[in-house]
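Let me begin by presenting the structure, written as structure tokens, before commenting on it.
The values are calculated or read from the model by the stated rules, or taken from the named source; none is laboratory data. Just so you know, these numbers come straight off a predicted model, no measurement behind them. Please note: Cβ atoms are built from the backbone with ideal geometry, for glycine as well, and neighbour counts cover all protein chains shown.
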Amino acid sequence: MDYSFTPKDLSAIYRRKIENWALSSAEESEKIPRGERVARGKASVRVWTLEQLPAIGKQFGWLKCAAAPISICITMPKASVLKSTIAFNLSRALAINGQKVLAIGLDKTGGVSDSLNLDQLQTLKDDAKTIGLHSALKEGASLEKLVKHTNLPTLNFIPETSQLFLIESLTEVEISERLSHLLENAKQTYDVVVFDTSSSLTALDKSAIRLADHILVPLGCDLRSYRASDFGVRQLSEALSKGGNQSKSVTYVPTLKQQTRLSLEIEANYRLSYPTQTLGHSIRVNEDSEEGANQLSVFEAEPTLPIAEDYFHVISQFWSRVIETTKSPPG
Ligand SMILES: Nc1ncnc2c1ncn2[C@@H]1O[C@H](COP(=O)(O)OP(=O)(O)OP(=O)(O)O)[C@@H](O)[C@H]1O
Ligand SMILES: [Mg+2]
């Protein structure tokens, strides 16, 4: 599907008024690609394509590159708290801001890559043949062979395949060493690597948690998630401490917030329990949106809806923490 964005759309996506003259001037100085003039009723308007968004975001975006390549792991050993949805929206937000992003899904039942995948598999054989993370960790396949492209030139991903279960025959040490090697390679090419874990805290998930520079933990503001949260947070701390890395930057984000007494109480409780680590903004329950269904983030698809505002605040705050804690490379 072809998408096009007018100056008004760009202002909504990048959440600031981008004047026509500013766009013209950036076009003139070749800082952004030239938009195409198309007729809209009696008038004509300039439009840019989806592929052109990253270049525009580099000029007019709100997320600046960190001083060094970084890795982020979105994790919580509780199902349906929005790990994959956040991984998807964060990856696309960074990518439309011009950063080179690699999203890596670790859940053999599917996750972030389902929304990013342009190829719709037709047969089970196609699924079994897909080269995925297992090919790198089991057979040493190179990163270039694994990565798949998306409809944004700055965003690639490694697909989650059913073959991910093959990794279970490796030891934890083997998984960790091989994933670490892959991550080091990825950081040569990408500004940001985003891991989306499963809810089972597999050996693969634990490796990503230990290797990542930043951990983002969604905590659902519903009763089931709340009941699971203490235990989940403890499991994550244990996974981190086994890796000898308790001082890692861990951020909590309340999700699935509703305007009910119970949900608000749960949200307040998270803020009390983890006062310095919990972001000031939460992600609300959003029944209407079909996030990811059309391979667009909330920013590209529905920038004026309240849910996009939630993601804007959450991602901006999280990114500020990342930037603060990312030191410049030596020299
Ligand atoms: N803001 C929202 N409000 C309500 N439902 C949402 C919202 N955002 C996404 N969803 C839906 O909630 C479901 C769970 O989200 P998601 O898959 O991101 O959770 P998860 O933590 O990755 O779960 P799992 O542990 O199973 O991988 C999905 O069907 C998703 O489409
Ligand atoms: Mg998931």
- SER71 closer than 20 Å to ALA203 by Cα, polar (S, T, N, Q), modelled with pLDDT under 95 and away from ligand 1 (no atom under 16 Å from the Cβ): no
Taking segment 91-115 and keeping residues within 13 Å of ligand 2 (Cβ to nearest atom) and either under 11 Å from THR197 (Cα atoms) or not polar (S, T, N, Q) (or both) leaves ALA103, ILE104, GLY105, LEU106, ASP107, LYS108, THR109, GLY110, GLY111, VAL112, ASP114
Practice task
Return a yes/no flag: does segment 226-238 have any residue that is part of a helix (DSSP H, G or I), closer than 15 Å to LEU164 by Cα and either within 16 Å of ligand 2 (Cβ to nearest atom) or not assigned by TED's automatic domain parsing to the domain that holds ILE283 (or both).
Solution key: no
Scanning segment 105-157 for residues that are of a type in the set (Gly, Ala, Ser) and assigned to a helix (DSSP H, G or I) gives SER113, SER115, ALA128, SER135, ALA136
Over segment 37-84, the set of residues hydroxyl-bearing (Ser, Thr, Tyr) and either within 16 Å of ligand 2 (Cβ to nearest atom) or within 15 Å of SER11 (Cα to Cα) (or both) is THR49, THR75, SER80, SER84
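Kindly provide the set of residues from segment 191-201 that are more than 11 Å from ligand 1 (Cβ to nearest atom) and either surrounded by fewer than 24 Cβ atoms within 10 Å (Cβ to Cβ) or charged (D, E, K, R) (or both), ordered by number. Full working, then the answer.
Just the residues of segment 191-201 that are more than 11 Å from ligand 1 (Cβ to nearest atom), to begin with: 191-195.
Within segment 191-201, ASP191 is the sole residue that qualifies.
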Among the residues in segment 232-239, are any farther than 30 Å from ARG284 by Cβ and at pLDDT below 95? yes
How many residues of segment 66-84 are crowded, with 24+ Cβ neighbours inside 10 Å and over 17 Å from ILE215 (Cβ atoms)? The answer is 0
Checked segment 75-87 for anything more than 8 Å from ligand 1 (Cβ to nearest atom) and within 14 Å of the chain's Cα centre (by Cα); matches are THR75
Per the filter on segment 119-173, residues hydroxyl-bearing (Ser, Thr, Tyr), within 16 Å of LEU102 (Cα to Cα) and surrounded by fewer than 19 Cβ atoms within 10 Å (Cβ to Cβ) are SER142
Picked from segment 158-209 (must be hydrophobic (A, V, I, L, M, F, W, C) and assigned to a loop (DSSP other than H, G, I, E, B)), the residue nearest to SER229 (Cα to Cα) is LEU201
Practice problem: Scan segment 217-233 and give yes if some residue there is under 17 Å from SER71 (Cβ atoms) and under 22 Å from the mean Cα position of the chain (by Cα), otherwise no. | Solution: yes
Taking segment 275-292 and keeping only residues that are away from ligand 2 (no atom under 16 Å from the Cβ), modelled with pLDDT of 95 or more and either surrounded by 18 or more Cβ atoms within 10 Å (Cβ to Cβ) or charged (D, E, K, R) (or both), one is left with THR278, LEU279, HIS281, SER282, ARG284
